[in-house]
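S.K.: Sharing a structure here in structure tokens format.
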Amino acid sequence: MKKIFNTIIFLAAAAFNVSVVVAQSVVESRDLLPQVGANDAGSQVLPTGDLKYDILPRVLRIFFALSGALTTVIFVYSGVMLVTHLGNEEVLTKFKKALIFSGVGLGLITTAYGIVFGILKLNF
């Protein structure tokens, strides 16, 4: 059990230190998303307090990031347990369902992220 817990902690720590390798250089994951509240010089400024353009996007990004990370951890954990089920059929069905539900959840979270930030970019 301790080995499984250590594996989950390692995978969760690795998930938060993601960087993308692009052709000739390494791009950090924080550089892929636009910075909310940044001025033209690229430095971070204090929030303006505007609900639609400042507070709501920050809260939603945090929510979607945490829920996506949790779903990914559950997906990986259920995949590992599916491989190491040792012939126990109830464990096999339990983790197979968890794997399916976490995959569907991750798809729903991604779709909801696209819909919410698509609506927030509308000018009305």
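Taken together, the values in this text are just the output of simple stated rules run on the coordinates, not laboratory data. All values reported here derive from a predicted model rather than from experimental measurement. Cβ atoms come from the backbone with ideal geometry, glycine included; neighbour counts cover every protein chain shown.
S.K.: When Lys and Arg each count +1 and Asp and Glu each count -1, what net charge do the other residues less than 14 Å away from Leu82, Cβ to Cβ, add up to?
M.R.: Working: positive: Lys94, Lys96, Lys97; negative: Glu89, Glu90.
Here the charged neighbours net out to +1.
S.K.: Let me ask you something else. Considering the zone a paramagnetic label at Ile100 would reach in this model (a point 7 Å from Cα along the Cα-to-Cβ line), which residues of region 64-81 have amide N under 20 Å from it?
M.R.: Output list for this probe position: 71-81.
S.K.: Straight-line reach from Lys96: which lysines have a Cα under 28 Å away, not including same-chain ones fewer than 8 places off?
M.R.: Counting by Cα, and skipping residues close in sequence, Lys96 has these lysines nearby: Lys2, Lys3.
S.K.: Let me ask something additional. Inverting the mean 1/r over all pairs of different Cα atoms, compute the Kirkwood radius of region 76-124 and quote it in Å. Kindly include the intermediate steps, with their values, before the conclusion.
M.R.: Numbers: mean 1/r = 0.0789 Å⁻¹.
For region 76-124, the Kirkwood estimate is 12.7 Å.
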